[in-house]
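Data first, discussion second: the structure below is written as structure tokens.
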Ligand SMILES: NC(=O)c1ccc[n+]([C@@H]2O[C@H](COP(=O)([O-])OP(=O)(O)OC[C@H]3O[C@@H](n4cnc5c(N)ncnc54)[C@H](O)[C@@H]3O)[C@@H](O)[C@H]2O)c1
Ligand SMILES: O=P(O)(O)OC[C@H]1O[C@H](O[C@H]2[C@H](O)[C@@H](O)[C@@H](O)O[C@@H]2CO)[C@H](O)[C@@H](O)[C@@H]1O
Ligand SMILES: [Mn+2]
């Protein structure tokens, strides 16, 4: 176990989420004592824009914590006890491509689901492995990487294959955000909920939602049948979720549960179960990447500028469940708290009828040696089949990345439920290879060779 006060490095320090996460760290400083916070990013200009805001957040709470901003891996990770990873490989410019290319072919354009998620995975696996190697080289021998970098399911599978011994815990805030909304609907703090859940990241179902041992899913079902998984105050709790696309997402839980009322789905299942409606409501010229660049990013950059100019920091970022969750998980890892959280882990029988080595999302007790998954038993044939297809798509994508295989990439795209035909898969993949020429050299080469044959 590592001893406090900790050195914490944030990889992807220039992220729009950094100020919120650091604010959450400051709020929980007694529970998670810090000696130093280091920001690390490959984009110095972006990180330098955000860094003064982060420093202000720290100084409002502590004069003692050392603050370091760097683009050098050795400086970033030497002796670090924890690394929070939140890299967006290719930044919003490539997110826009991930979303817009499939849409031009009438297919869902999304950051982590469908072809967009697969493309993002192809870009992220190897940089994630590089980050792990740097941390292994420089950080404390018992350091933990807590990873938010998306697409988390594919990143987790890539890391399992390429660096199986690494101390990396992959997490997602979507189930926690759903639990926040459930708590608001039930009039109970989200921390009082204990859930059962099975699936892959961004592809799973809540099977029970207990409060003091009583399953409240029946009550939630009734609420969802009227409003979806949304309350007015849920939108207020997290301003990001007041954006029209998020409101729609929470509402779409309603049609999904009208068809399949037994379990409460992860909101991301909308992309797989109702892709036509999603495409019909997406604007191919203005996707979520544009909404974020013109919203969250613009607001934060403007506030950073205003702070530099006037010394006054406008209210420009939000802590929410995103910041709170990663700090909770780190506390449990640091102090062996055995808190129960939904995280991404190697299955090892937790879902009895999925492969033993699949990277699944289930509840786990978080100990200082890592997560201990809770057994969710066997899942129904319908869910098992959906999960197996998605898993195969993601695993083939990982193999395509490792082997530089065009054929496996095409299989991954074809198998994805959002993609109707192999012709759609090929057209989208080929356009994506062009757009990602700076990121996928091996695949580009395999594709060029194939064309030449
Ligand atoms: N798992 C989850 O539930 C969850 C929730 C929210 C956000 N995220 C993820 O968090 C990340 C950050 O999101 P954002 O919207 O703030 O993006 P952002 O573009 O604002 O920030 C990402 C930062 O990562 C940096 N980066 C890119 N490649 C890097 C590398 N190889 N090494 C170090 N830094 C690198 C970029 O320069 C950028 O500053 C994304 O991956 C996003 O998908 C995950
Ligand atoms: O479109 P974005 O960039 O706003 O969000 C994409 C991410 O959405 C989920 O995370 C939400 C979370 O659900 C919410 O409560 C709040 O904390 O904001 C998060 C970011 O919007 C999802 O889990 C992530 O994987 C996505 O990256
Ligand atoms: Mn997520």
Task: Conditions (1) surrounded by fewer than 21 Cβ atoms within 10 Å (Cβ to Cβ); (2) without any contact (Cβ under 8 Å) to a residue 40 or more places away in the chain; (3) under 23 Å from residue 25 (Cβ atoms); number of the one not met by residue 142 - done: (2)
Task: Residue under evaluation residue 311, criteria (1) surrounded by 15 or more Cβ atoms within 10 Å (Cβ to Cβ); (2) on the phi > 0 side of the Ramachandran plot; (3) over 24 Å from the mean Cα position of the chain (by Cα), criterion not met - done: (1)
Open item on the list: Taking the condition of being exposed (fewer than 14 other Cβ atoms within 10 Å of the Cβ) and either assigned to a helix (DSSP H, G or I) or in contact with a helix residue (DSSP H, G or I) (Cβ under 7 Å, 6 or more places away or on another chain) (or both), how many residues in region 213-228 meet it?
Closed with: 4
TODO: Filter region 367-385 down to residues that are surrounded by 15 or more Cβ atoms within 10 Å (Cβ to Cβ), farther than 25 Å from residue 169 by Cβ and in contact (Cβ under 8 Å) with a residue 40 or more places away in the chain, then give me how many there are.
DONE: 0
TODO: At least 2 residues that are within 16 Å of ligand 3 (Cβ to nearest atom) and in contact with a helix residue (DSSP H, G or I) (Cβ under 7 Å, 6 or more places away or on another chain) in each: list the helices (runs of 4 or more DSSP H) lying fully within region 278-343 that qualify.
DONE: 288-292, 320-335
- [ ] Kindly provide the set of residues from region 403-453 that are at pLDDT below 95, under 15 Å from residue 121 (Cβ atoms) and either surrounded by fewer than 20 Cβ atoms within 10 Å (Cβ to Cβ) or more than 27 Å from the chain's Cα centre (by Cα) (or both), ordered by number.
- [x] 442
- [ ] Among what's in region 176-210 and is out of contact with any strand residue (DSSP E or B) (no Cβ under 7 Å at 6 or more places or on another chain) and at positive phi, pick the residue that is nearest to ligand 1 (Cβ to nearest atom).
- [x] 202
TODO: Answer with yes or no whether residue 1 is within 16 Å of ligand 1 (Cβ to nearest atom) and either modelled with pLDDT under 95 or under 22 Å from the mean Cα position of the chain (by Cα) (or both).
DONE: no
TODO: Within region 144-158, work out how many residues are touching a helix residue (DSSP H, G or I) at 6+ places or on another chain (Cβ under 7 Å) and either within 9 Å of ligand 3 (Cβ to nearest atom) or farther than 19 Å from residue 333 by Cα (or both).
DONE: 8
Open item on the list: For the structure I just gave you, tell me whether residue 183 is in a helix (DSSP H, G or I), within 13 Å of ligand 2 (Cβ to nearest atom) and over 14 Å from the mean Cα position of the chain (by Cα).
Closed with: yes
Task: Which listed residue is at pLDDT 95 or above and under 24 Å from residue 85 (Cα atoms), from 268, 272, 263, 286 - done: 268
Task: Condition broken by residue 358, with the remaining ones in (1) crowded, with 22+ Cβ neighbours inside 10 Å; (2) on the phi > 0 side of the Ramachandran plot satisfied - done: (2)
Open item on the list: Would you confirm whether or not region 377-389 contains a residue that is at pLDDT 95 or above, in contact with a strand residue (DSSP E or B) (Cβ under 6 Å, 6 or more places away or on another chain) and not in a helix (DSSP H, G or I)?
Closed with: yes
- [ ] Tally the residues that are outside any helix (DSSP H, G or I), within 25 Å of residue 335 (Cβ to Cβ) and in contact (Cβ under 8 Å) with a residue 24 or more places away in the chain, restricting the search to region 15-59.
- [x] 13
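The values are calculated or read from the model by the stated rules, or taken from the named source; none is laboratory data. As the structure is a computational prediction, the values presented were derived from the model and not from experiment. For neighbour counting, all protein chains shown are included, and Cβ atoms are generated from backbone atoms with ideal geometry for every residue, glycine included.
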